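Some notes on the structure that comes next.
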Amino acid sequence: MRTKMMHRKNFNVLTVIGVIAMVIFTISCIYPFIYMVLLSLTSSNTAVLRLQDISLKGLSNYYYVLKSRNFLRSLFNSVLVSVLACFFNNIISAMAAYGFAKKRFPGNRFLFSLFMLTLMVPGQVTLIPDFLIMRSFNMLNTYLSLYILIINAFGVFLVKQFMDSVPDELLEAAKVDGCPEHKIFIQIALPLLKPVLVSLTIFTFVNIWNSFLWPLVAVTKSDMYTLTVVLSLLKAQYTANYGFIMAGATVTFVFPFILYITLQKQFVEGIALSGVKG
Amino acid sequence: MSRKTREAFEGYVYIIPSFIILLIFYIIPIFMSGYYSFTSYSLVKAPRFVGLRNYMKMLTDSYVLAAIKNTFIYTLVTVPFQTILALLFAAFLAMRFRNWFGEMIRSAMFIPVIASAVACGAVWAVLMDTDNGLLNFILHFFGAKGINWLGSSQYALISICIVAIWKNVGYFLVIYYAGIMGISRDLFEAAEIDGASKWQEFRLITIPMLKPVTYLIVTLGIIWSFQVFDLSYVMTGGGPGKSTVTLVMDIYNQAFKGNGKMGYASAIAMVLLLFIVIVNLIENRFFKPKEEV
């Protein structure tokens, strides 16, 4: 009895410590972003957040940020590139996954292993050849160059996992009814894949929106910059103008954040499902 | 056309778009990198075979050596911390808070994951400001002396590690949490009947059952730490001195600053690839759970 009580006490102390540690960490996860938004609304040029500094005048930070250095243009670029990336990655990955999962052809298994092998190679290793290849095709400073690299084997892997669980009979039945091949893919397979395609869209969007090294390398004309690149330039140039930089950071942060808030469940499920980052 | 040929034809049609992209931008580039790494090649000069010279040069290049050293420190600091924190939080949430509170905590910890490293770096640079930053304000509040977080070569790398851990925990937490949810309830119930404490359950059931997840998370963590660039670039630019230089930053600086030493940068990239392949091989060879027959 005595030992049991001691046990219980011990364990309660642990629980309290655990809750405190967890709450502190949680606050540390949120607070920097609150700080970012509040500081972006102050007109003082200091890293210290004083509540009396927050005023509507602080909104001028956003006005100046949007006016500066092609920021508005880069916001448009980021949105466009992200949308194109999501669209093409979904279509192309779904096609390949469907081919691998539902079609028998010589080399199927070999090619799929080859696809999976490429997942081991990080983008930093292919950075230089990709740059040189695109340069020789005059593809640098184009939207295509900014989104095409996101189309990789990860999407194929993710969708194929899901496609494997779709029963063949469903597709066979349509075939027997004389449904043409492309219609089977578009009208039967794609709708079935919707949940996994939502996950893939989220992955693609967050990765391409936040990507930094490749746009830094592939873009040399300032009107093709993406948001992350412009933000890094702003930070380097206006070191002491904190409110201004925080306004830029807020704009960069807010798009994936809104997506996350709206599709929270799919975000978490997608990661738990794959356990790999694209 | 027979049914079989037709099906094979359709199969190729479906995979060809992604195959072409992978071939041009992933597979061929690996061989190109390998080839360039043995050449002297800049944007103004065609590649010329120089044998192992680039690799020899790396041995005495203080930036590359600093990058390798920084990468190892970074890995040794971030991987254990982010893995243990994620595991403890996940187990704790799964044990005590399978409710709205736990869900809220998990959601909040995931926010740094979705934010861009550039934005995070910009915000943390402000929080870590020596004179006016929040972190030193807290230190002063407790009577401690402020730290020159990003401006001293002593602390800069550790500061970046702190931000990286902060950014990664939420991601690994989600994977761990899903792993715990996948453990059969019967195990825990049997342990409870036998009178096991929660701590014993954690030690004797949760940790062993999560082994495959832990291998995955550690491998991913190591590979990510070899690829660090964004945080360093934005927060310190590699400095002060060479204290936060990373391998990827070396690749970037060599290839895209000045004349562009593509050959030498490719050699550094091949070393990076070698590190990553070794980590993957070790994981596959020794830690991957044997496939059940």
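Quick check: from the Cα gyration tensor, does the stretch A:12-154 come out rounded (a/c under 1.5), prolate or oblate? The partial results should precede the final answer.
On the way: a/c = 3.08, a/b = 1.52, b/c = 2.02.
Oblate is the answer for the stretch A:12-154, as a/c is 1.5 or above yet b/c matches or exceeds a/b.
Based on Cβ point charges of +1 for Lys and Arg and -1 for Asp and Glu, what charge dipole magnitude is obtained for the stretch B:53-287 about its Cα centre, in debye rounded to the nearest 20?
On the way: 16 positive and 12 negative charges, 108 e Å.
About 520 debye.
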Fill in: Spin-label pair B:LEU52/A:LEU192, simplified geometry with 7 Å Cα→Cβ offset, distance in nm
5.5
Fill in: Which of B:ALA164, B:SER184, B:LEU204, positive extreme of dipole for the stretch B:156-215 (C-beta unit charges)
B:ALA164
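Hand me the trypsin sites (Lys or Arg not before Pro) from the stretch B:36-142 located in a DSSP loop with no more than 14 other Cβ atoms within 10 Å, in residue order please. Walk me through the intermediate numbers first.
Details: sites: B:LYS45, B:ARG48, B:ARG53, B:LYS57, B:LYS69, B:ARG96, B:ARG98, B:ARG106; in loops: B:ARG98.
For trypsin sites (Lys or Arg not before Pro) across the stretch B:36-142 that sit outside H, G, I, E and B with at most 14 neighbouring Cβ atoms in 10 Å, the list reads B:ARG98.
What is the magnitude of the charge dipole of chain A about its Cα centre, with +1 placed on the Cβ of each Lys and Arg, -1 on the Cβ of each Asp and Glu, and no other charges, expressed in debye to the nearest 20?
Details: 22 positive and 10 negative charges, 158 e Å.
Roughly 760 debye for chain A.
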Practice prompt. Go ahead and set up a Gaussian network model of chain A, Cα springs under 10 Å, then flag whichever of A:MET139, A:MET246, A:MET163 fluctuates most.
Written response: A:MET139
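Within 10 Å of each Cβ in A:130-139, how many Cβ atoms from other chains are there, averaged over the peptide?
Values: counts 7, 6, 9, 5, 2, 1, 0, 1, 0, 0.
That works out to 3 on average.
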Worksheet item: Going through the stretch A:184-278, which trypsin sites (Lys or Arg not before Pro) have at most 11 other Cβ atoms within 10 Å and a DSSP loop state?
Response: A:LYS221
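Longest span of chain B, sites excluded, free of GluC sites (Glu not before Pro) in DSSP loop with at most 13 other C-beta atoms within 10 Å?
Working: sites that count: B:GLU291, B:GLU292.
Longest stretch, sites excluded: B:1-290.
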Response to the item:
Per its Cα gyration tensor (rounded if a/c is under 1.5, else prolate when a/b beats b/c, else oblate), chain B is best filed as oblate
Worksheet entry | Leading residue at positive end of dipole, the stretch A:68-274 (Cβ point charges), from A:LEU119, A:ALA94, A:ALA236 | A:ALA236
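Other chains' Cβ within 10 Å of B:231-242 residues: what's the mean?
Numbers: counts 1, 0, 5, 6, 1, 0, 2, 0, 0, 0, 0, 0.
So the per-residue partner count for this stretch is 1.
Could you work out the local net charge near B:SER243, counting Lys and Arg as +1, Asp and Glu as -1, over the other residues with Cβ closer than 15 Å to its Cβ?
Details: positive: B:LYS69, B:LYS242; negative: B:ASP250.
Neighbour charge sum, excluding B:SER243 itself: +1.
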Worksheet item: How much of the accessible area of the protein assembly as shown, probe 1.4 Å, is carbon plus sulfur, in whole percent?
Response: 67
Worksheet item: For the stretch B:16-61 and the stretch B:212-279, what is the separation of their C-alpha centers, rounded to whole Å?
Response: 16
Worksheet entry | chain B: most fluctuating residue of B:LEU76, B:LEU281, B:LEU173 per GNM, C-alpha cutoff 10 Å | B:LEU281
Worksheet item: Given the Cα-Cα distance of A:ASN241 and A:ILE24 and 0.36 nm per residue of separation, how much length would full extension add, in nm?
Response: 75.2 nm
Worksheet item: Counting other Cβ atoms within 10 Å of each Cβ, which chymotrypsin sites (Phe, Trp or Tyr not before Pro) in the stretch A:94-188 have at most 15 and sit in a DSSP loop?
Response: A:PHE137
Worksheet item: For B:ASP131 and B:ASP186 in one chain, what is 0.36 nm times their gap in residues minus the Cα-Cα distance, to one decimal in nm?
Response: 14.3 nm
Practice prompt. Counting helices only, and only those DSSP H runs with n ≥ 4, report the 222 nm mean residue ellipticity of chain A as the sum of -39,500 (n - 2.57) divided by its residues, in deg cm²/dmol to the nearest 500.
Written response: -22500 deg cm²/dmol
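From the helices alone, meaning DSSP H stretches of at least four residues, give me the mean residue ellipticity at 222 nm for chain B, per-run term -39500 (n - 2.57), in deg cm²/dmol to the nearest 500. Before the final figure, lay out each step's value.
Working: 14 runs with 198 residues, N = 293.
Roughly -22000 deg cm²/dmol at 222 nm, from the helical runs in chain B.
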Worksheet entry | A:PHE257-A:LEU117 FRET efficiency (beta carbon distance; Förster radius 35 Å; 0.05 resolution) | 0.50
Practice prompt. Per residue of A:141-149, count partner chain C-beta atoms within 10 Å of its C-beta, then hand back the mean as an integer.
Written response: 1
Practice prompt. Any lysines with Cα under 16 Å of the A:LYS175 Cα? List them, leaving off those in the same chain fewer than 8 positions away.
Written response: A:LYS102, A:LYS103, A:LYS183, B:LYS4
Worksheet item: Among B:VAL234, B:LEU139, B:VAL79, which residue has its Cα positioned farthest towards the positive end of the charge dipole of the stretch B:53-287, with +1 placed on the Cβ of Lys and Arg, -1 on the Cβ of Asp and Glu, and the dipole taken about the Cα centre?
Response: B:VAL234
Worksheet item: Taking K and R as +1 and D and E as -1, what net charge do the other residues with C-beta under 13 Å from the C-beta of A:MET95 add up to?
Response: +1
Worksheet item: Looking only at A:ALA173, A:ALA21, A:ALA189, which one moves most when chain A is put into a Gaussian network model with springs between Cα atoms under 10 Å?
Response: A:ALA21
Worksheet, complete the sentence: Given 10 °C, 1.306 mPa s and a Kirkwood radius over Cα pairs, the Stokes-Einstein diffusion coefficient of the protein assembly as shown in µm²/s is 62
Worksheet item: Where the centre of each part is set by its Cα atoms, how far does the stretch B:106-151 sit from the stretch A:100-136, in angstrom?
Response: 39
Worksheet entry | Cα-based shape type of chain A, given that a ≥ b ≥ c are square roots of the gyration tensor eigenvalues and the cut on a/c is 1.5 | oblate
Worksheet item: For the pair B:GLN200 and A:ASN138, how long in nm is the line joining their label points, each one 7 Å along Cα→Cβ?
Response: 7.5
Worksheet item: How big is the charge dipole of the protein assembly as shown about its Cα centre, in debye rounded to the nearest 20, if each Lys and Arg gets +1 on its Cβ and each Asp and Glu gets -1 on its Cβ?
Response: 640
Discussion item. Using a 7 Å offset from the Cα along the Cα-to-Cβ direction at both A:SER60 and A:ASP164, what is the distance between the two label points in nm, to one decimal?
Written reply: 6.0
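In the structure displayed, which of A:LYS57/B:LYS145; B:LYS145/B:LYS242; A:LYS160/A:LYS221 lie more than 27 Å apart, Cα to Cα? The partial results should precede the final answer.
Numbers: A:LYS57/B:LYS145 35 Å; B:LYS145/B:LYS242 25 Å; A:LYS160/A:LYS221 38 Å.
Beyond 27 Å between Cα atoms: A:LYS57/B:LYS145; A:LYS160/A:LYS221.
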Worksheet item: With r defined as the distance between the Cβ atoms of B:PHE141 and B:TYR12 and R0 fixed at 56 Å, what FRET efficiency is calculated, to the nearest 0.05?
Response: 0.25
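The values are calculated or read from the model by the stated rules, or taken from the named source; none is laboratory data. The structure presented is a predicted model; accordingly, all values stated were derived computationally and were not measured. Please note: Cβ atoms are built from the backbone with ideal geometry, for glycine as well, and neighbour counts cover all protein chains shown. Quick note on the areas: whole protein, heavy atoms, side chains included, nothing else; ligands and nucleic acids left out. Shrake-Rupley method; radii C 1.70, N 1.55, O 1.52, S 1.80 Å.
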